[in-house]
Every structure is written in C-alpha cells, then in structure tokens.
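Trainee: Would you mind keeping the following structure in view while I ask a few things?
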Amino acid sequence: MEKDSVKTTNYRKYKCTIARVKILNGVKDIIRDSKTDYYFFCLFNRVSVDDYVLLDVKNGRSFAVGKVMELYDQKPENIEILMTSFICGKIAVKNFEDICASIKNKKYRISTAKELREKNNSDEL
C-alpha cells in the first residue's frame, strides 16, 4: 500500500467533520496558542469547540486527551490527516480543567508529605 493512499480518503461519504485539536500532555499541561495543531476526523455530532475529547493516536495503539479548537465541514487546504486520526468520544464533564488542577494539587501534597516523612525518618536515624 502506498503511503499517500493512507493519508487521503473521501471523508464526506462518512458524514464527518474535521476537528483542529490541541493535545493535552498531562494534568500539569495547559492549552496555549503556541501548542501544535493536530487534525482529526470527528464522527460525533455532539462535539463542539472547547470540548475535551478522547483521541485515537499512534495508529490505534494509544489514547490522548485534546481540546477542540475549531471544527470544519470541509478539509482545510494545506493540511494532511492520517486515516487513523479519529476522535473516539467527548469527555462528558463540564469542569475538566478544574479536575486536572485538583489532581495536580493532590499530587503535590502527596509528594510533599512523602518527602517530609522521609526527612523525619532520616532525622530519627
């Protein structure tokens, strides 16, 4: 199979949109304008701009979380979309950023408490 044939398809026959997404790299990460844009096929009607979505990445071997920045009815010019780049679903929580911040704070408190326990244990020796 030619490499180019994997990158192109008649996406219109599947009634999907194209989503411009910025990928979130963990709970400490924030979405900035300078982050790289990625394009994914979206087969769900309920996905809209500013939604967090679950992404199929690495040719189906991994998932990632991303934020939808823009939706297109037609493929924008000068971009390539791999046929394996799909949105798997919408993350159905309204406060996803708050949840990430809460997890980040809890991780910090746990690691700080662990460091204090280790320091106290070493002081006792």
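Trainee: On a 26 Å Cα-Cα criterion, which of the cross-link pairs Lys75/Lys104; Lys58/Lys107; Lys67/Lys104 come out too long?
Mentor: Pairs exceeding 26 Å: Lys75/Lys104; Lys58/Lys107.
Trainee: Placing +1 at every Lys and Arg Cβ and -1 at every Asp and Glu Cβ, with all other atoms neutral, what dipole size does segment 3-92 have around its Cα centre, in debye to the nearest 20?
Mentor: Roughly 260 debye, rounded to the nearest 20.
Trainee: How would you classify segment 40-94 from its alpha-carbon gyration tensor, with a ≥ b ≥ c the square roots of the eigenvalues: rounded for a/c under 1.5, else prolate if a/b is greater than b/c, otherwise oblate?
Mentor: oblate
Trainee: Please say if segment 11-107 is rounded, prolate or oblate, where rounded means a/c under 1.5 for a ≥ b ≥ c the square roots of the C-alpha gyration tensor eigenvalues, and otherwise the choice is prolate for a/b larger than b/c and oblate otherwise?
Mentor: It comes out prolate by the Cα gyration axes.
Trainee: Within a Cβ distance under 13 Å of Met69, other residues only, what is the Lys/Arg minus Asp/Glu net charge?
Mentor: 0
Trainee: Using the beta-carbon distance between Asn105 and Arg32 and R0 = 22 Å, what value does 1/(1 + (r/R0)^6) give for FRET efficiency, to the nearest 0.05?
Mentor: The computed FRET efficiency comes out at 0.60.
Trainee: Something else about it: What is the extension gain from Val93 to Glu118, computed as 0.36 nm multiplied by their sequence separation minus the C-alpha to C-alpha distance, in nm to one decimal?
Mentor: 5.3 nm
Quick note: the coordinates plus some simple rules give every number you see, no bench work behind them. Given the structure is predicted, the values throughout are model-derived calculations rather than measurements. Cβ: placed from backbone, ideal geometry, glycine included. Neighbour counts: every protein chain shown.
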